[in-house]
Each structure stands twice: as structure tokens, then as C-alpha cells.
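Written out below as C-alpha cells is the structure these notes cover.
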Amino acid sequence: MLLRDTPDDRDGVEVLLLRRSTDTPFVPGAHVFPGGAVEDGDHDSGWDTFTDFGDDAASAALGVDAKGRSYWIAAVRECLEEAGVFVATVDGEPVDDRHPVLADEDGLRADLERGAASLLDVCRDHRLRLPLEQMTYFAQWITPAESPRRYDTRFFAVPMPRGQSASADGWEAIDASWWAPTDALESWQADAIQLIEPTVESIRLLVGHDSVDHAMAALRLAGEHAR
């Protein structure tokens with residue numbers, strides 16, 4: 001979940017939802033968070049140089065023996081590929097839309113999605129670091145055994161980087177929009193949008209919080225209970 005403070009005088013948070021293409025095999029047309037599968041490059045030991053978040057700490061947070069950090073890295077990569085949002089820093093400052101790495105954002109996203117570029121190489125080339133410690137793990141969802149398409153998914157939240165805008169990739173997701181949690185839930189209840197259960201329950205965790213800081217604190221507590 002990418003979160004931002006409501007950009008007006010109202011208190012509250014907004015969450016980014018992507019509307020999936022009706023041509024995709026998994027939940028076509030649904031509103032979802034950015035996400036996808038962990039890939040081989042997410043396990044690379046070279047990430048030690050580009051983040052201060054160690055695999056031991058990440059694995060402990062997820063309750064796994066090893067390679068926990070790869071879930072965090074996959075989350076960063078999927079946010080970039082699907083939503084055009086890059087959770088990265090240069091010289092301690094968040095990357096924004098003016099940074100050269102995002103100058104050809106569509107080309108970079110396409111290269112990452114088809115395997116023509118790796119996120120690790122992008123970080124090497126541009127001296128970027130991934131601030132994984134800013135991301136909060138808060139839930140795990142596993143589909144029932146009888147489901148035709150199964151997944152075991154970890155859910156994370158992170159504040160939207162300053163100076164960046166979100167956009168759908170145009171093929172897997174065809175729209176990216178910011179929603180107040182209550183608006184998203186009311187639209188779902190009115191059958192105006194499609195949400196699957198993990199998305200609904202995640203959005204419910206955001207209701208009633210007047211800022212991203214407060215929402216992130218509540219999600220951290222949820223993550224501790226999910227271990």
C-alpha cells in the first residue's frame with residue numbers, strides 16, 4: 001500500500017489503487033495495490049551494498065528462516081513497474097520525478113517488466129539506495145486450498161515519496177487513483193468497484209487515522225500480530 005496524507009485541509013490518508021485490465025487472468029477489472037511475485041534478482045546478495053536493512057532483520061519480521069529481505073525488494077520493484085513510484089534515495093534524499101533515473105520512466109518500467117534491466121543494476125548505475133526500513137510489513141494472506149489460483153502473499157505499506165506521481169503501466173493496470181479508505185469501501189459496497197478480500201481488509205486498517213504517520217504506526221502493530 002502506497003499512502004499519502006490527504007492533499008487538502010481535511011485530516012486523513014489516501015491509498016493508491018490500481019485498476020487491473022479486464023484482459024489479465026487474475027482478478028480482471030479489480031482495484032488492487034501494486035504487487036507481484038518475488039524474482040531471482042530480489043535475492044541477490046549485492047543488495048547488501050544498497051540498503052541498510054539486513055536479511056536477518058527482514059526474515060525475523062516475516063517469521064522465515066532466510067531471504068526475507070527479497071519480499072521488501074520485490075515490493076519496491078513492483079511499485080516501480082506497476083505504479084511508476086520508486087521508493088529510493090540518493091545522498092539521503094528521496095528520488096523524485098526530476099531525477100535522471102525517472103527521465104525515461106516508461107522505458108525503465110518496460111525494461112524491468114520484461115527482464116531487460118535489473119533493479120539492482122539501476123541502483124548501481126545511479127548510486128541509489130532502497131530505504132527498506134521505511135516500509136512496514138503488516139499482513140500475510142494465503143488462498144484456501146480449493147482456490148483455482150493460489151497465492152501466499154505478504155502485504156507492506158510505505159509513505160508515497162515526495163515529489164513523485166503515480167501512473168498505471170497501461171497493460172496490466174489501466175488506471176491509478178488515490179482513494180480515501182471510506183470512499184473505497186463505500187464504492188465497493190455499492191458494487192461500483194471490485195475489491196478482493198485482502199484488499200478490503202487492508203483498507204479497513206486505514207480507516208480513522210488522521211495521518212500517514214498514525215496509519216503506519218497502526219500497521220506496524222498489525223504486522224507484529226501477523227508473525
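Going by accessible surface with a 1.4 Å probe and the largest first, 200, 27 read 27, 200.
Looking only at 78, 146, 39, which one moves most when the chain is put into a Gaussian network model with springs between Cα atoms under 10 Å? The residue with the greatest mean-square fluctuation here is 146. In terms of its C-alpha gyration tensor, the stretch 18-140 has an oblate overall shape, because the principal axis ratio a/c (a ≥ b ≥ c, square roots of the eigenvalues) is not below 1.5 and a/b does not outweigh b/c. Rolling a 1.4 Å probe over the protein chains gives residue 167 an accessible area of about 40 Å².
Just flag the chymotrypsin sites (Phe, Trp or Tyr not before Pro) in the stretch 153-224 sitting in loop per DSSP whose Cβ has no more than 15 other Cβ atoms within 10 Å. Here the chymotrypsin sites (Phe, Trp or Tyr not before Pro) that fit, given the DSSP loop and packing criteria, are 171. For the stretch 1-62, what does the alpha-carbon gyration tensor say about shape, rounded, prolate or oblate, given a ≥ b ≥ c as the root eigenvalues, a/c under 1.5 as rounded, and a/b over b/c as prolate? Here the stretch 1-62 falls in the oblate category. When the Kirkwood hydrodynamic radius is evaluated over all pairs of different C-alpha atoms of the stretch 86-159, what value in angstrom, to one decimal, is obtained? Its Kirkwood hydrodynamic radius stands at 14.7 Å. Look at where the Cα atoms of the stretch 189-209 and of the stretch 161-186 average out, and the two centres are 14 Å apart. Spatially, the stretch 87-107 and the stretch 46-64 are offset by 23 Å when compared through their Cα centroids. The protection proxy used here, the mean number of other Cβ atoms lying within 10 Å of each residue, ranks peptides 83-96, 43-56 as follows, highest first: 83-96, 43-56. Pull out a ≥ b ≥ c, the square roots of the eigenvalues of the alpha-carbon gyration tensor of the chain, then state rounded if a/c is under 1.5, prolate if not and a/b is larger than b/c, and oblate in the remaining case. Rounded, because the longest to shortest axis ratio a/c is under 1.5.
Determine the dipole magnitude for the stretch 144-227: charges of +1 sit on the beta-carbon of Lys and Arg, -1 on that of Asp and Glu, nothing else is charged, the reference point is the Cα centre, and the result goes in debye to the nearest 20.
Here the stretch 144-227 has a charge dipole of around 360 debye.
Between 13, 199, 176, the Cα set farthest toward the positive side of the dipole of the chain (charges on each charged residue's Cβ, about the Cα centre) is that of 199.
Can you tell which of 119, 87, 100 lies farthest toward the positive end of the dipole of the stretch 83-135, using +1 and -1 charges on the Cβ of basic and acidic side chains (Lys, Arg; Asp, Glu)? Of the candidates, 119 comes out farthest on the positive side. The charge dipole of the chain, taken about the Cα centre with unit charges on the Cβ atoms of Lys, Arg (+1) and Asp, Glu (-1), comes to about 380 debye, rounded to the nearest 20.
The values are calculated or read from the model by the stated rules, or taken from the named source; none is laboratory data. Keep in mind it's a predicted model, so treat the numbers as computed, not measured. Positions of Cβ are backbone-derived with ideal geometry, glycine not excepted, and every protein chain shown enters the neighbour counts. Note: accessible area is taken over every heavy atom of the protein model, side chains too, but ligands, DNA and RNA are not part of it. Shrake-Rupley method; radii C 1.70, N 1.55, O 1.52, S 1.80 Å.
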